[in-house]
Amino acid sequence: MGAVFKVDGGAGVGFAGDGERTVFPFQFAVFGSDDVAVRVDGEPVTTGFHVALNDAEEAPGGEVIFEVAPKVGTVISIRRYLRLRRLSAYGSSASPRGDAVDRDLDYLTAALGDIDRAMVGSLRLAPADQGKGDLALPRITPGRALVWNDQGDGLANGPDAGEIASAGLHSAMAMSAANRAEAAGTRAETALAGFQKQLAGAAFDLDLRAQNVTLWQDERRMPVIDAPGDRIMDIRETGALVRLSNGGRVSLPGVSAARNGVRYRVVNGDGTMVDISAASGDQIVPLDGGAARSVHALPIRGDCVDLICDGTRWFAAPIREGGPVVKLLRTNAQDIPAGGYFIVEWDQVAEDSHGLYDAALHGVGNLPPGFYHVDAGVNFAISDTAVAVSAYVERQGAGGWSTHLQASDIVGSGSNATQSVRVSGIARIGIASDNALRLRVRHSDSVTRQIAAGAVMSWFHLHRLGG
């Protein structure tokens, strides 16, 4: 009894050209060389190659052999395309041969398997909605969106792009008006509270550690400490702790001799981009070596800074910076061509709360200055040959990309297994430069290697340690 034909896996495979390779194998069953459809960079091609099929009794599939090697980066797709046809004709006077019937049934099984895979990507009703709606399309109306009708049992022509944009504009205007109304209400409450405190004569002369201190509110209703000129007040004495969230900004009072010793501690409470603005004409001088600016940003959740006025300018002293900056994961397979280096492309961003991931760089860009712990790994599929693999964390500076961290390992031989090559260390990000990181790998094999696919395989974790 012959083997039972089964449709296992997909009837297609993809490759990336490296400028040298001309032979591209496939392992799915076909019934003739004209059942193999080839695309290059998404376009079907019918010349410039030929198909060599394996002995179907030994192994299904074969090879597509190009006359000229596809260029580096060319996307090559090989798929099965079974046209509707009969392989055999059965006469009425003789019994059909078993091998002919078996071949015809194999062809039908394969064709139905291709149809089944194609149906997975088609639109269809959920099981709970079967029988509730009609998926017949309405008459074509250019520029209109498809929507469910008011009864929810069929499709209808909806609004066009202009109507959708107009509705979005009206929504934004309504939201802006609501925000302005809420802000006006908050300002009114603050003004009323300040007016009541002024009526009550809320000004106090205090004696802290034998130093005379006056506590009052300035024109912005902000807590302010005036201290003697030879003293900077401790944060525990001032109590001026400010927590910013929801993209907020705190405005500092203007620099003056009367504010010598005023000190605030400001913390980013929720991870949105919050910042501190100096009064008009004033500058904030970071004590971590950064340039003096009128705006001091706190981009990361948990960032904390002490703001100190010496009577002539504001100083910013970072206290703590932490929290995960970005966590990138690669879960799909990816071919690494033979020879040369390869920049890892990340297909899933598990966490990027500050918009630091830049797909054009295949890494992380526009990082705030400071020190970062880097933990990156690439998971290779193990084949029958051991291979040397190197992983490089590169940093972008004024002169372009350069190696910042490096790790090397030998990926062993075997089957049905993977092995990770991991690089970790401390990276330094500069001020206004050297502010991007990416992962590049290479291997010593003369053929294409593959980054393995899986739930959590290749990764790029970045954690900010401090400024």
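The values are calculated or read from the model by the stated rules, or taken from the named source; none is laboratory data. All values reported here derive from a predicted model rather than from experimental measurement. Cβ coordinates were reconstructed from backbone atoms using ideal geometry, including for glycine residues, and neighbour counts include every protein chain displayed. All accessible areas refer to the heavy atoms of the entire protein, side chains included, with ligands and DNA or RNA removed. Shrake-Rupley method; radii C 1.70, N 1.55, O 1.52, S 1.80 Å.
Among the candidates Arg428, Arg464, the residue that is outside any loop (DSSP other than H, G, I, E, B), touching an Asp or Glu at 6+ places or on another chain (Cβ under 8 Å), surrounded by fewer than 19 Cβ atoms within 10 Å (Cβ to Cβ) and of a type outside the set (S, T, N, Q) is uniquely Arg428.
For Asp434, the requirement of being acidic (Asp, Glu) and over 23 Å from Leu361 (Cβ atoms) is not met. Looking at Pro25, is it at pLDDT 90 or above and more than 23 Å from Ala338 (Cβ to Cβ)? No, not satisfied.
Whether any residue in segment 369-377 is open to solvent by 30 Å² or more (accessible area, probe 1.4 Å), modelled with pLDDT under 90 and closer than 23 Å to Val456 by Cβ is what I want to check. Yes: one or more hits. Candidates Ala56, Ala100, Ala111: the one that is at pLDDT below 70 and either in contact with a Leu (Cβ under 9 Å, 6 or more places away or on another chain) or not in a loop (DSSP other than H, G, I, E, B) (or both) is Ala100.
Within segment 11-69, if we keep just the residues that are within 32 Å of the chain's Cα centre (by Cα) and among the β-branched types (Val, Ile, Thr), the residue that is least open to solvent (accessible area, probe 1.4 Å) turns out to be Val38.
In segment 410-418, is there at least one residue being of a type outside the set (Lys, Arg) and under 23 Å from the mean Cα position of the chain (by Cα)? Scanning segment 410-418 turns up no residue that is of a type outside the set (Lys, Arg) and under 23 Å from the mean Cα position of the chain (by Cα). Only one entry in Ala453, Ala417 is under 18 Å from Val344 (Cα atoms) and out of contact with any Ser or Thr (no Cβ under 6 Å at 6 or more places or on another chain), namely Ala453. Selection of segment 403-449 for residues being at pLDDT below 85 and on the phi > 0 side of the Ramachandran plot yields Gly414, Asn416, Ala432, Asp434. Checking each residue in segment 253-269 for being open to solvent by 50 Å² or more (accessible area, probe 1.4 Å), modelled with pLDDT under 80 and over 12 Å from Ala316 (Cα atoms) picks out only Ala258. Listed by first and then second residue, the pairs with beta-carbon distance under 6 Å, at least 6 apart or on different chains, first residue in segment 376-405 and touching a residue at least 40 places away in the same chain (Cβ under 8 Å), second aromatic (Phe, Trp, Tyr) and assigned to a strand (DSSP E or B), are Ala376/Phe460; Gly377/Trp459; Glu394/Trp401. Arg139 meets the conditions (1) open to solvent by 90 Å² or more (accessible area, probe 1.4 Å); (2) at pLDDT 75 or above; (3) within 37 Å of the chain's Cα centre (by Cα) in every case but one. The failed one is (3).
Taken over segment 291-316, the criterion of being assigned to a loop (DSSP other than H, G, I, E, B) and either at pLDDT 85 or above or open to solvent by 20 Å² or more (accessible area, probe 1.4 Å) (or both) is satisfied by Ala291, Ala292, Ser294, Arg301, Asp310, Thr312, Arg313. State whether one or more residues within segment 320-335 are farther than 30 Å from Ser458 by Cβ and modelled with pLDDT under 80. Looking for residues that are farther than 30 Å from Ser458 by Cβ and modelled with pLDDT under 80, one finds at least one in segment 320-335, hence yes.
Quick one: in segment 270-290, of everything that is acidic (Asp, Glu) and crowded, with 16+ Cβ neighbours inside 10 Å, which residue is modelled with the lowest pLDDT? Per the stated criteria, the residue is Asp275.
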